[in-house]
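Student: Below: one structure in structure tokens.
The values are calculated or read from the model by the stated rules, or taken from the named source; none is laboratory data. All figures in this text were calculated on a predicted structure; none of them were measured in a lab. All Cβ positions, glycine included, derive from the backbone under ideal geometry; neighbour counts span all protein chains shown.
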Amino acid sequence: MSGLTTHVLDLAGGRPAAGVAIRLLAKSGDGWRQLAASRADADGRSRLLAPDELTAGGYRLEFDIGAYFRGAGATSAEPGFLETVVIDFTVADADQHLHVPLLVSPFGYSTYRGS
């Protein structure tokens with residue numbers, strides 16, 4: 001199965017980061033064009049591209065983490081450090097499913113290529 005999905009986990013709260021605003025952009029000439037926008041579901045997941053929509057090329061994921069931690073999902077009274085987490089990546093084989101998890105706290109994050 002191909003396509004592009006993501007999963008956002010709130011490490012500070014130990015739960016899915018439900019409601020995080022997510023944007024997917026594609027590299028286009030000298031800039032970026034938006035392909036999709038969504039919010040993480042109750043399990044912190046979002047399907048961004050269907051199998052037939054993913055093509056080889058450059059992509060960018062933007063996660064509005066600051067708004068999430070300032071909102072109802074906040075677990076810390078301190079103001080956070082991160083506002084928007086940006087992940088730039090390249091798809092070489094569009095026939096493979098691409099899953100990009102984001103593990104996040106108000107002060108740091110980690111990501112990897114999932115399956």
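Student: Being in contact with a Gly (Cβ under 9 Å, 6 or more places away or on another chain) and of a type in the set (A, V, I, L, M) is the filter here, so list the residues in the range 13-24 that pass it.
Tutor: Ala17, Ala18, Val20
Student: Taking the residues in the range 28-37 that are more than 12 Å from the chain's Cα centre (by Cα) and surrounded by 13 or more Cβ atoms within 10 Å (Cβ to Cβ) as candidates, determine which candidate is farthest from Leu102 (Cα to Cα).
Tutor: Per the criteria, the residue is Trp32.
Student: Can you tell me which residues in the range 1-26 are over 23 Å from Tyr109 (Cα atoms) and either modelled with pLDDT of 95 or more or not small (Gly, Ala, Ser) (or both)?
Tutor: Met1
Student: Still on this structure: Right, Leu9: in contact (Cβ under 8 Å) with a residue 24 or more places away in the chain, under 23 Å from Glu83 (Cβ atoms) and surrounded by 13 or more Cβ atoms within 10 Å (Cβ to Cβ) or not?
Tutor: For Leu9, the condition - in contact (Cβ under 8 Å) with a residue 24 or more places away in the chain, under 23 Å from Glu83 (Cβ atoms) and surrounded by 13 or more Cβ atoms within 10 Å (Cβ to Cβ) - is met.
Student: Here's a follow-up. If Gly73 satisfies every condition in (1) at pLDDT 95 or above; (2) buried (at least 17 other Cβ atoms within 10 Å of the Cβ) but one, which is the exception?
Tutor: Among (1) at pLDDT 95 or above; (2) buried (at least 17 other Cβ atoms within 10 Å of the Cβ), Gly73 violates only (1).
Student: Consider Ala40 carefully, then state whether it is surrounded by fewer than 12 Cβ atoms within 10 Å (Cβ to Cβ) and hydrophobic (A, V, I, L, M, F, W, C).
Tutor: So Ala40 does not fit the description; no.
Student: I've got another one for you. Could you list, in sequence order, all residues of the range 99-115 that are among the basic types (Lys, Arg) and buried (at least 17 other Cβ atoms within 10 Å of the Cβ)?
Tutor: none
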